[in-house]
């Protein structure tokens, strides 16, 4: 019977869970009324990869050498990128520590667990698994049991087309139902000491539906829109599924942790960073595109370009350095000076109404004690994450109030959530903590010492 | 410590290099240093290769499309 069960809800956000919805979430409320709970400060950057892996290792992105889903080796081709997978993670994860101490572990859908790892227990990989034909389970035969239990397993719902909200919601519910039902089955059939699942649906519903639920959103769909409660209803559904797990005879002695990797909030707008770099003379094109175009499809005059950027939920900025990049335009000796200047300029940028945007631009060494892997030259966070940096070109402007890569109304926020619940110790406490504290806390719950070198510390019960 | 066999002629060359050098106190030290450099480099490129093999070209295209649909790629 599991000793500890961990439920991850990607992007579950404190202002909804704790401030607005809690009275309608009776199972999550147990963590609040009878456990320890609070905000869980995410990694910088606050995105799924690397955040979950930082939670599972108590190491920051600099030490993991993973700065996002995609990464670029300095000096490689201008379009080159590699996608972070579990194969690049050299640090021990919580399941490795537990296995070494003789505990068994079952992991379902933890982001960045493709390719699956051999462990004492089982592993079902996450949403970056190419498809059901991939080797997505350890042990291999578990896939047959999954198919028997939930039919066609669903890793993710990733779609930025203009699907009708009904269709989007149906797809998200179906994915969530299958994941929870599978986890329930695995709890029943697998005798693992530590079991963890991560559900992606919370993140997906936030991104798709935020403008329907948030009256402060610039594109709020109106107080009478028929989807105004869709996110609340979805959280209620997730809470109900958590309740089903908590009511199982197999879990009656288990302790519980719920976590999320980052929060969510309304997107104020899109700051078209490459357009801005063009305007400021950093990025030079031979010809400006007629249509909206990705940078790698643009006709860039690289020998005159000093810097370019990637968009996303945060920005990565690269300098075109002589001797490093093929057509480097700034001498290495000027790089730090150029960084200082660009940081200053970007931090002074105003929004489309003339107010300071509140941007923070960092060198990797400003954020991480150790910088490994392939860091960008600068990491940019716009409007405290409310402004999404966009990388596409061809808009003839630098601000937009829609997303440039398909419908998306939510952005990430720095704080996710956590809650610990032990039915044998129901003293309640509120305490804000960091994502790095989760692995030390899990190890402590198994009576293990927290190894040296972890960035976090255990949350005391 | 393990022993390896190398041709005598090579051993003489290595003795000379180590003897002429201020950095190495013996031929063993020199040879260990050189072989470690080569082995580390080889292992690192094997790791890099392993990483690039995680996704086939087709898989990578699928994953990139998914990341684009999730707002992570421009």
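The values are calculated or read from the model by the stated rules, or taken from the named source; none is laboratory data. Given the structure is predicted, the values throughout are model-derived calculations rather than measurements. Here the Cβ positions follow ideal geometry from the backbone for every residue, glycine too, while neighbour counts run over all protein chains shown.
Here is a check on your reading of the model: is residue A:261 in a loop (DSSP other than H, G, I, E, B), in contact with a strand residue (DSSP E or B) (Cβ under 6 Å, 6 or more places away or on another chain) and touching a residue at least 12 places away in the same chain (Cβ under 8 Å)? Answer is yes for this residue.
Filtering region A:207-217 to residues that are part of a loop (DSSP other than H, G, I, E, B) and in contact with a helix residue (DSSP H, G or I) (Cβ under 8 Å, 6 or more places away or on another chain) leaves only A:217. Counting only strands (runs of 3 or more DSSP E) that fall entirely inside region A:365-426 and contain at least 2 residues that are closer than 30 Å to residue A:242 by Cα and away from chain B (no Cβ under 14 Å), the qualifying elements are A:415-421. Residue selection: residue A:390 fails the criterion of being in the same structural domain as residue A:64 (by TED's automatic domain parsing), surrounded by 21 or more Cβ atoms within 10 Å (Cβ to Cβ) and within 30 Å of residue A:64 (Cα to Cα). I'm trying to understand the selection: among the residues of region A:253-297, which are within 20 Å of the chain's Cα centre (by Cα) and over 21 Å from residue A:14 (Cα atoms)? Within region A:253-297, A:269, A:270 meet the criteria.
The conditions of being assigned to a helix (DSSP H, G or I), at pLDDT 85 or above and away from chain A (no Cβ under 14 Å) are met by residue B:13. Counting only helices (runs of 4 or more DSSP H) wholly contained in region A:1-86, the ones carrying 1 or more residues that are surrounded by fewer than 22 Cβ atoms within 10 Å (Cβ to Cβ) and not assigned by TED's automatic domain parsing to the domain that holds residue A:362 occupy A:26-34, A:61-64.
Of all residues in region A:146-166, how many are surrounded by 12 or more Cβ atoms within 10 Å (Cβ to Cβ) and under 18 Å from residue A:221 (Cβ atoms)? Within region A:146-166, residues that are surrounded by 12 or more Cβ atoms within 10 Å (Cβ to Cβ) and under 18 Å from residue A:221 (Cβ atoms) number 3.
Mind checking which residues of region A:158-200 are within 14 Å of another protein chain (Cβ to nearest Cβ) and closer than 15 Å to residue A:110 by Cβ? Give the steps one after another, and end with the answer.
Here is the first cut: in region A:158-200, the ones within 14 Å of another protein chain (Cβ to nearest Cβ) are A:158-163, A:168, A:171-172, A:175, A:200.
Result: A:200, single match.
Summed over region A:114-157, the residues that are out of contact with any strand residue (DSSP E or B) (no Cβ under 8 Å at 6 or more places or on another chain) and within 14 Å of chain B (Cβ to nearest Cβ) give a count of 14. Note on region A:290-329: residues that are in a loop (DSSP other than H, G, I, E, B), touching a strand residue (DSSP E or B) at 6+ places or on another chain (Cβ under 6 Å), within 14 Å of another protein chain (Cβ to nearest Cβ) and over 16 Å from residue A:379 (Cβ atoms) total 1.
Does residue A:176 satisfy the condition of being in contact (Cβ under 8 Å) with a residue 40 or more places away in the chain, assigned to a helix (DSSP H, G or I) and either outside the structural domain of residue A:203 (by TED's automatic domain parsing) or in contact with a helix residue (DSSP H, G or I) (Cβ under 9 Å, 6 or more places away or on another chain) (or both)?
So residue A:176 passes the test.
All of (1) away from every other protein chain (no Cβ under 14 Å); (2) assigned to a loop (DSSP other than H, G, I, E, B); (3) touching a strand residue (DSSP E or B) at 6+ places or on another chain (Cβ under 7 Å); (4) at pLDDT 95 or above hold for residue A:102 with one exception: (3). Looking only at residues in region A:219-258 that are in a loop (DSSP other than H, G, I, E, B) and in contact with a helix residue (DSSP H, G or I) (Cβ under 8 Å, 6 or more places away or on another chain), the one that is surrounded by the most Cβ atoms within 10 Å (Cβ to Cβ) is A:221.
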